[in-house]
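One structure below.
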Amino acid sequence: MRIINTIRLVTMLSAGLAIQQPLHAAESSDRFVFVGYGDVKYESADVAGTDAFSARFVPIFLFSLNDKMHVEAELEVGLNEDGETETELEYADIHYFLNDNTTITAGKFLLPFGQFSANWHPSWINRSIWTPGIYGAHGSSQAMDPMLPILSDVGVAAQQVYQVGSAKVFFDVFMTNGPRSEAEHDEEEVVEDDHDIAFARLFSPTTTLDPDVDEDEHGEAFPEVEFEATSSDNNSNKAFGGRIAVAFLPSIEIGTSYYQGAYDEGGQLDIRANGIDINLISTHAILRGEYIRTETDAFVERDHEDVIDSFSRNGWFLQGTFFVGHLFEELGSTEIVIEHAQTKKVEEAERWMVGINYWLDPRSVIKVGYEDTDVADGPDDKRFAVQFSYGF
Amino acid sequence: MKNQSTINIFVLFASLFASLHVHSSEPLSGAELINNNCARCHNSRPIQEFSMSEWKVIMPHMREKAHLTGTEVQAILNFMEIAATPAKAVKVIEPVTIAVDPREVLTRYGCQGCHQVQGAGGTLGPSLDNVISDRGKAFFLRKVKEPQFNNASSAMPQMPITDEELEVLAEFLSPK
């Protein structure tokens, strides 16, 4: 009897679920969308001595809670050199649309400093295969020492948009956990996994045997700062900053950004960064560029006393994407990409990059690129890569 | 240092939320907004690539990325609705007058959001002023019906334009 009742109950519940399921599916399809991008790359790099294929899959999950709230998350799934699957949370945040022109964001979000991290980092868009050198190599190694290798961080942000005459004005501000001293980090925990090692390399130039002896032109030690986002903070000072931009669409967007964060445990040593970014769009070409200047505090010895001094660096990149297929129809949807980048003062380097992008459709592209980096105090690097990238 | 940082944060937030006087210009159409914003970062994606229910979830994501207002997002979605609606349905919902006005057709399908006509319009696509004299009427008709036939990465949507409207438009754009 008990078994029969149980079967009846299960049958009724199953029937109920069977009826309910299509309704739930129909409702959820209006609220949830699965998009993203991915790429397959063959790269040959001189200094790293690598010559291999690699692949990434980057799903983006979008969920509209209601008209006011929107959730988004991007994962990057890839293989490391040992064949292990690595997963990185690029961003996971919630937007609250406070009113028509104000958005509040909380979580791990793309940092609104410059334009690369927030808008140009997906591999399927009209740009070079590689991340601009001043932003680092995003998890892998590169010859150029980055200026501000932050893609995303954990905290809160706010955005406002204004139409002023024919111009649009964008305001972004943010407050995040911020950076920390790599030296502290190294002392506190042993670097074990490959990801940490790869990330540490971003700040320990391959050309320097001892990462703690990078020096500026005065022979002072240059502090090393780690920016990888975590759910902790080594001091009570939060990093903060923002971006103000003016856009005369669809042709010009010019922005200026600021970032400041304390990186030592005592909260006495800051890293400050100022940036200028430009995006010029025409029917036949896109010209993008960013300039970043950083000031990093450090304790230095003056007259047998430790005092705080600042070390400055600067760097820039300018990248042009030319739609040659618009001018010569036989070339179809072909683009030529040219980039020049420089870093100055400490770890000086200069880079030229040329590439060709061939679009199979508006979201799928085959990119071929060659990059030549001259490093002032170290071996130069040359790279060649072919990448098939797709957005979906 | 901590106090200074806190003050800086408050100043930033206060200035952000201060009530600025906004001088709005004439609202842009959905097609113009697509022309103005998508290509800032990437190729415009064909409207037919996603369903309308998917676009309604994707656009709030793009609202924050591209610094769009809620009103602008709604205008884009309205244009997408037109582009995604089959031609017959458009005729049922909004019957076209018997004497089709070519300018009305240009407006209805947002052509000048991306193309210039007589000096007015967007720049994402080429000007339409000489399209028929340069490329021929057959090219024009096929391009509207099959936008990707000559350029795989073209973002031009396949609009639900009727044959009658297309003929009127071709006549309007033909050299006089």
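Worth pointing out:
- Exclusive hit being part of a helix (DSSP H, G or I), modelled with pLDDT under 90 and in contact with a helix residue (DSSP H, G or I) (Cβ under 9 Å, 6 or more places away or on another chain), set B:ALA83, B:ALA75: B:ALA83
- Put simply, of A:TYR263, A:TYR258 the only residue that is under 24 Å from A:GLU348 (Cβ atoms) and of a type in the set (Phe, Trp, Tyr) is A:TYR263.
- Restricting attention to the stretch A:303-318 and to residues that are out of contact with any helix residue (DSSP H, G or I) (no Cβ under 6 Å at 6 or more places or on another chain) and within 20 Å of A:VAL354 (Cα to Cα), the residue that is surrounded by the most Cβ atoms within 10 Å (Cβ to Cβ) turns out to be A:TRP316.
- Residue in the stretch A:352-361 that is within 12 Å of chain B (Cβ to nearest Cβ), of a type in the set (Gly, Ala, Ser) and touching a strand residue (DSSP E or B) at 6+ places or on another chain (Cβ under 9 Å) present: no
- Residue satisfying all of: in the stretch A:278-302; within 12 Å of another protein chain (Cβ to nearest Cβ), in a strand (DSSP E or B) and not aliphatic (A, V, I, L, M); surrounded by the most Cβ atoms within 10 Å (Cβ to Cβ) among these: A:ARG288
- Any chance B:VAL168 is at pLDDT 90 or above and more than 29 Å from A:THR334 (Cα to Cα): yes
- Filter pass, A:PHE63 being under 15 Å from A:VAL33 (Cα atoms), at pLDDT 95 or above and surrounded by 13 or more Cβ atoms within 10 Å (Cβ to Cβ): yes
- Among residues of the stretch A:325-339, those that are within 29 Å of the chain's Cα centre (by Cα) and surrounded by fewer than 16 Cβ atoms within 10 Å (Cβ to Cβ), counted: 1
- The set of residues from the stretch B:39-70 being surrounded by fewer than 20 Cβ atoms within 10 Å (Cβ to Cβ), modelled with pLDDT of 90 or more and more than 9 Å from chain A (Cβ to nearest Cβ) comprises B:MET52, B:MET62.
- Any pair with Cβ under 7 angstrom, 6 or more apart, that starts in the stretch A:263-281 at a residue that is among the aromatic types (Phe, Trp, Tyr) and ends at one that is in a strand (DSSP E or B): A:TYR263/A:ARG180; A:TYR263/A:SER181; A:TYR263/A:VAL225; A:TYR263/A:ILE271
- Total residues in the stretch B:129-140, condition surrounded by fewer than 18 Cβ atoms within 10 Å (Cβ to Cβ) and under 20 Å from the mean Cα position of the chain (by Cα): 1
- Residues located in the stretch A:230-249, provided they are among the charged types (D, E, K, R), in contact with a helix residue (DSSP H, G or I) (Cβ under 8 Å, 6 or more places away or on another chain) and in a strand (DSSP E or B): none
- Residues of the stretch A:252-274 classified as surrounded by fewer than 21 Cβ atoms within 10 Å (Cβ to Cβ), within 15 Å of A:THR296 (Cβ to Cβ) and more than 12 Å from chain B (Cβ to nearest Cβ), total: 1
- Of all the criteria given as (1) more than 7 Å from every other protein chain (Cβ to nearest Cβ); (2) surrounded by 22 or more Cβ atoms within 10 Å (Cβ to Cβ), the one not satisfied by B:GLN74 is (2).
- Annotation: A:ASP309 fulfils all but one of (1) in a strand (DSSP E or B); (2) under 30 Å from B:ASN35 (Cα atoms); the unmet one is (2).
- Top-ranked residue in the stretch B:104-128 [being surrounded by fewer than 15 Cβ atoms within 10 Å (Cβ to Cβ) and not small (Gly, Ala, Ser); ranked as farthest from the chain's Cα centre (by Cα)]: B:GLN118
- Residues of the stretch A:75-103 classified as within 10 Å of chain B (Cβ to nearest Cβ) and either part of a strand (DSSP E or B) or surrounded by fewer than 18 Cβ atoms within 10 Å (Cβ to Cβ) (or both), total: 8
- Test for A:ASP67: is it touching a Phe, Trp or Tyr at 6+ places or on another chain (Cβ under 9 Å), within 10 Å of chain B (Cβ to nearest Cβ), under 30 Å from B:GLU64 (Cβ atoms) and in a loop (DSSP other than H, G, I, E, B): yes
- Flag if A:VAL35 is at pLDDT 95 or above, more than 25 Å from B:LEU77 (Cα to Cα), among the β-branched types (Val, Ile, Thr) and outside any loop (DSSP other than H, G, I, E, B): no
- Taken together, A:GLU339, A:GLU347 contain a single residue that is acidic (Asp, Glu), away from chain B (no Cβ under 11 Å) and not in a strand (DSSP E or B), which is A:GLU347.
- Qualifying residue in the stretch A:315-334 (condition: within 14 Å of chain B (Cβ to nearest Cβ), modelled with pLDDT of 90 or more and not in a strand (DSSP E or B)): yes
- Count of the stretch A:108-133 residues which are part of a strand (DSSP E or B) and either surrounded by fewer than 19 Cβ atoms within 10 Å (Cβ to Cβ) or touching a helix residue (DSSP H, G or I) at 6+ places or on another chain (Cβ under 8 Å) (or both): 1
The values are calculated or read from the model by the stated rules, or taken from the named source; none is laboratory data. Just so it is clear, the model here is predicted, and its values are computed rather than measured. Because the Cβ atoms are built from the backbone with ideal geometry, glycine has one as well, and the counts that use them run over all protein chains shown.
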